[in-house]
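First the structure, in the form of C-alpha cells, and then the observations on it.
The values are calculated or read from the model by the stated rules, or taken from the named source; none is laboratory data. In this text the structure is predicted, and so the values were computed from the model without any measurement. Cβ: placed from backbone, ideal geometry, glycine included. Neighbour counts: every protein chain shown. When the accessible area is computed, the model is the full protein with side chains, heavy atoms only, and any ligands, DNA or RNA have been set aside. Shrake-Rupley method; radii C 1.70, N 1.55, O 1.52, S 1.80 Å.
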Amino acid sequence: MKPSELNALLKKFLQYKLTVAFAESCTAGLLASEFVKGEASSEVLLGSVVTYHPVAKQRLLGVEKETLAMYTAESQQVTNEMVMGLHKHLPTADVCVAVTGLCGAGASESDEKPVGTMYFTILHENRAKELRQEFEGNCDKVRQLAVDFILQHLSELLDNYAEQHANDAIVTKIEQS
C-alpha cells in the first residue's frame with residue numbers, strides 16, 4: 001500500500017475512533033511493521049502477536065490442538081480461532097485481524113491448497129469476515145501481497161462502517177421528526 005493510502009486508512013481509523021490488533025503467522029510481523037509506517041499509527045494499533053509455530057498459536061491465542069490436527073495450521077479454521085483468541089486477550093480492539101497461510105513449500109501444501117494460499121479473518125462488531133486468497137511469488141512477495149490485501153480490506157471495512165453509520169444517523173433523525 002502506498003504511504004498516502006496508508007495514511008488515509010489511519011485517518012479513517014482515527015475519524016471513527018477505532019483501534020486494531022493483529023494476530024500474524026506467516027506474515028511474521030510484517031503487517032504490524034507496515035501499518036506503523038503510517039502517521040498516528042500509535043493511536044490506532046493496540047498490538048500484534050506473531051504466532052508462527054502451532055505451539056505459539058495454542059498457548060498465546062488458544063487455538064485448539066484438535067483444530068490444528070484436523071485442519072492444519074494453514075487453514076481458515078485456525079485463522080478463525082486465532083482472531084477469537086486475539087479478541088479475548090485484547091477485547092478493546094474494535095477490529096481484530098488474523099492471518100496464516102503457506103508462503104513456501106512443505107507444511108500442508110496440496111492441490112487444493114497450493115503455496116501462496118493465505119487465510120484471513122477480520123473481526124469487527126462481533127462479525128467475522130473470512131477471506132482466502134492465492135498469491136504468486138516467492139515468500140517475501142507473498143507476504144507483502146498478503147499485507148497489502150489486508151490493508152485494502154481494512155479500508156473497505158471502514159468505508160462500509162462509515163456508510164452504515166451515516167445511514168443509521170439518517171434513520172434516527174427521521175424517527176425523531
Pairs, first within 14 Å of Cys96 (Cα to Cα) in segment 114-125, second part of a strand (DSSP E or B) and of a type in the set (A, V, I, L, M, F, W, C), C-beta under 6 Å, six or more apart: Phe120/Val99; Phe120/Leu131; Thr121/Ala98; Thr121/Ala128; Ile122/Val97; Leu123/Cys96; His124/Val95
Of residues in segment 126-147 being out of contact with any helix residue (DSSP H, G or I) (no Cβ under 8 Å at 6 or more places or on another chain) and surrounded by fewer than 16 Cβ atoms within 10 Å (Cβ to Cβ), the one farthest from Phe22 (Cα to Cα): Asn138
Counted residues, segment 111-125 - those being within 21 Å of Leu86 (Cβ to Cβ) and either small (Gly, Ala, Ser) or open to solvent by 50 Å² or more (accessible area, probe 1.4 Å) (or both): 1
Hits in segment 55-76 - residues which are assigned to a helix (DSSP H, G or I) and open to solvent by 70 Å² or more (accessible area, probe 1.4 Å): Arg59, Leu60, Lys65, Glu66, Ala69, Met70, Tyr71
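Table: residues versus (1) over 16 Å from Lys57 (Cβ atoms); (2) in contact with a Phe, Trp or Tyr (Cβ under 6 Å, 6 or more places away or on another chain); (3) outside any loop (DSSP other than H, G, I, E, B).
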residue	(1), (2), (3)
Thr79	no, yes, yes
Met84	no, no, yes
Ala93	yes, no, no
Ala105	yes, no, no
Ser110	yes, no, no
Lys113	yes, no, no
Phe120	no, no, yes
Tally, over segment 22-49, of residues that are at positive phi and more than 13 Å from the chain's Cα centre (by Cα): 1
Residue selected from segment 20-54 under the condition open to solvent by 10 Å² or more (accessible area, probe 1.4 Å) and in contact with a Ser or Thr (Cβ under 7 Å, 6 or more places away or on another chain), by the criterion modelled with the lowest pLDDT: Tyr52
Test for Ala105: is it in contact (Cβ under 8 Å) with a residue 40 or more places away in the chain and of a type outside the set (Ser, Thr, Tyr): no
Number of the condition not met by Ser108 [criteria: (1) at pLDDT below 95; (2) open to solvent by 90 Å² or more (accessible area, probe 1.4 Å); (3) of a type in the set (S, T, N, Q)]: (2)
Neighbours by Cβ (under 9 Å, 6+ apart or cross-chain): first from segment 34-46, farther than 12 Å from Lys12 by Cα and without any contact (Cβ under 8 Å) to a residue 12 or more places away in the chain; second open to solvent by 70 Å² or more (accessible area, probe 1.4 Å) and part of a loop (DSSP other than H, G, I, E, B): Ser42/Val36
